[in-house]
Amino acid sequence: MQNDFLDSLMEKTVLPSFSSIGPSVRRRRHDWPSLESYKLTGKVVVLTGGTSGIGKAAAEIYATLGATLVLLARDEEKARRQIDQLRKSSGNDDIHSAIADLGVQQEVLRVAAELGERYPVIDVLAHNAGALFNERKRTADGEDLSVELMVATPFLLTARLLPQLGHCRSSEQAPSRESPGRVITMSSGGMYTQGLHVEDLAMSDAEYSGVRQYARAKRAQVILNEMWAERVPQNEVVFHALHPGWVDTPGIGDALPGFVRLLRPMGLLRSAREGADTLVWLSAADEPAHCSGRFWHDRAVRSIDMSDSTRKADTPAKRAALWQWCEKRTGEDMDDSATSCDRVSDSSAT
């Protein structure tokens, strides 16, 4: 109980929980097994955003644990250099890439079909890619790029890879596997600052703030994580989201330089490895295979709300509207009578 009280106190006061203090204290008091004690040999892990920051640190750990690791990246040369380095440092040659611009839906569809053909079984799909743009960027068809990367693309990629992860609406088609596939979404503690937005999920140009836009997208990710868990049987695929705390990465340095200048000298920012810890733990540990739809921080389930305002903004009507927005944006009708298994099988055969 003492451990639980201290942990709850840290969480409520935010700074010790989100900063480098959090993993330092929790690792000792809760006796965390080292990540190296887990094995992912023979497991296929598809990781987005794995060439920098937290994702790069996660890739290094996945490789060390023996995973068949697929880096879903935009820059082929950068991915190739990282794969060479990972193979050399880990001794694991089963590391590969799949190249696509995740801000372009046609490329997401193409790479999903390629992955489905190459890997009939995918054990972990880790949505780590994301970006905070202080100046708005848009997709080719005019949509907000951060919303596309962190809401629409993960929805589309998840929908298209459900058969490989272990879910088919027809039980006769579901692949046989020892444990459920896992879909893991890297969110952000920033999502606590924004309630659920749907109609104005993408902020207007007049009110645009990169930080708030990022937080809205991250809030949507967490809600969708719960909604996927409601729709897909837990014995087939489990869904988890997490936030990594305050991590010292090049991306956060570029987006929030003042924040970094304040916390870095005090040693309060986490390392990229500390930021990746719970992501890898959710991929490898036994406990997350027996629950679904949870939100995690430092290997423990956390509330998705820290204020009444975000709690009140989260209504069933808004949740339904968010799901409909995702279906409309991606063209994925998850209630279609044709199973996703049929669709992917057909596309692979052509």
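The values are calculated or read from the model by the stated rules, or taken from the named source; none is laboratory data. Just so you know, these numbers come straight off a predicted model, no measurement behind them. We place every Cβ from the backbone using ideal geometry, glycine too, and count neighbours over all the protein chains shown. Keep in mind that these areas ignore ligands, DNA and RNA; they rest on the heavy atoms of the full protein, side chains included. Shrake-Rupley method; radii C 1.70, N 1.55, O 1.52, S 1.80 Å.
Once you sort the root eigenvalues of the Cα gyration tensor of region 33-91 as a ≥ b ≥ c, which label holds: rounded (a/c under 1.5), prolate (a/b larger than b/c) or oblate (the other case)?
prolate
Using the Cα centre of region 21-118 as the reference point, and only Cβ charges (+1 on K/R, -1 on D/E), how large is the resulting charge dipole? Debye, rounded to the nearest 20.
540 debye
Could you put His197, His240 in order of accessible surface area, largest first, with the 1.4 Å probe and the full protein assembly present?
The ranking, largest first, comes out as His197, His240.
Compare the Cα positions of Leu242, Ala220, Thr139 along the charge dipole of region 115-265 (+1 at Cβ of Lys, Arg; -1 at Cβ of Asp, Glu; about the Cα centre) and return the one farthest towards the positive end.
Most positive-ward Cα: Leu242.
I'd like the accessible area for Val25: 1.4 Å probe, protein heavy atoms, all chains in place, Å² to the nearest 10.
Near enough 30 Å² of accessible area.
On each of the three principal axes of the Cα atoms of the chain, give max minus min coordinate, whole Å, ordered largest first.
Extents along the principal axes, in whole Å: 57, 50, 43.
In what sequence, largest accessible area first, do Ile21, Ile223 appear using a 1.4 Å probe?
Ile21, Ile223
Order the following by accessible area, largest value first: Ser52, Ser179. Probe radius 1.4 Å; ligands, DNA and RNA are ignored.
Heavy-atom accessible area, descending, gives Ser52, Ser179.
Within the chain, what whole-number % of the accessible surface is contributed by carbon and sulfur, with the 1.4 Å probe and all protein chains included in the calculation?
About 50 percent, which is the carbon plus sulfur part of the accessible surface.
With the chain treated as a Gaussian network of Cα nodes joined by springs under 10 Å, which of Leu115, Leu262, Leu102 yields the largest mean-square fluctuation?
In this elastic network of the chain, the residue with the biggest mean-square fluctuation among Leu115, Leu262, Leu102 is Leu262.
In square angstrom, rounded to the nearest 10, how much accessible surface does Met266 have for a 1.4 Å probe?
So the heavy atoms of Met266 present about 110 Å² to solvent.
Taking the Cα centre of region 2-78 as origin, sum charge times position over the Cβ atoms of Lys and Arg (+1) and Asp and Glu (-1), and report the length of that vector in debye to the nearest 20.
120 debye
Which net charge results when you count Lys and Arg as +1 and Asp and Glu as -1 among the other residues whose beta-carbon is under 13 Å from that of Ser209?
-2
With +1 on the Cβ of every Lys and Arg and -1 on the Cβ of every Asp and Glu, and nothing else charged, how large is the dipole of the chain about its Cα centre, in debye rounded to the nearest 20?
So the magnitude is around 1000 debye.
Nearest 5 is fine: what % of DSSP beta bridges in the chain come out antiparallel, could you say?
Among the beta bridges of the chain, antiparallel pairing accounts for roughly 10 percent.
Test of understanding: given the chain, find the longest segment containing no GluC sites (Glu not before Pro) that are in a DSSP loop and have at most 14 other Cβ atoms within 10 Å.
Longest site-free region, per DSSP loop and neighbour criteria: 208-350.
Which value, in Å³ per residue, describes the convex hull spanned by the Cα atoms of region 246-285?
In region 246-285, the Cα hull volume divided by residue count equals 61 Å³.
Under a no-solvent Debye model with one identical scatterer per Cα of region 27-140, what's log10 I(q)/I(0) at q = 0.10, 0.13, 0.14, 0.20 Å⁻¹?
-0.33, -0.53, -0.61, -1.09
Pull up the cross-link candidates among the aspartates and glutamates for Lys12, meaning alpha carbon to alpha carbon under 13 Å and not fewer than 8 places away within one chain.
Partners within reach: Asp4, Asp305.
Using a 7 Å offset from the Cα along the Cα-to-Cβ direction at both Glu207 and Met306, what is the distance between the two label points in nm, to one decimal?
Going by the 7 Å Cα→Cβ label model, 2.2 nm.
Want the number for Val14 to Arg136: 0.36 nm per residue separation, take away the alpha-carbon distance, what's left?
Separation in residues times 0.36 nm, less the Cα-Cα distance, equals 41.1 nm.
Give the lysines whose C-alpha is closer than 29 Å to that of Lys56, dropping any in the same chain fewer than 8 places away, or say none.
Leaving aside lysines fewer than 8 places away in the same chain, those within reach of Lys56 are Lys39, Lys43, Lys78, Lys88, Lys137, Lys218.
So if each residue of separation counts as 0.36 nm, and I subtract the Cα-Cα distance between Leu6 and Arg29, what length gain in nm does that give?
7.3 nm
Looking at Phe259, Leu279, Ser187, which one has the Cα that reaches farthest to the positive end of the dipole of region 167-279 (charges on Cβ: Lys, Arg +1; Asp, Glu -1)?
Phe259
Taking the solvent-accessible surface of protein heavy atoms with a 1.4 Å probe, what is the per residue accessible area of the chain in Å²?
44 Å²
What percent do you get for the relative contact order of the chain when only Cα pairs under 8 Å and 6+ apart count?
19 percent
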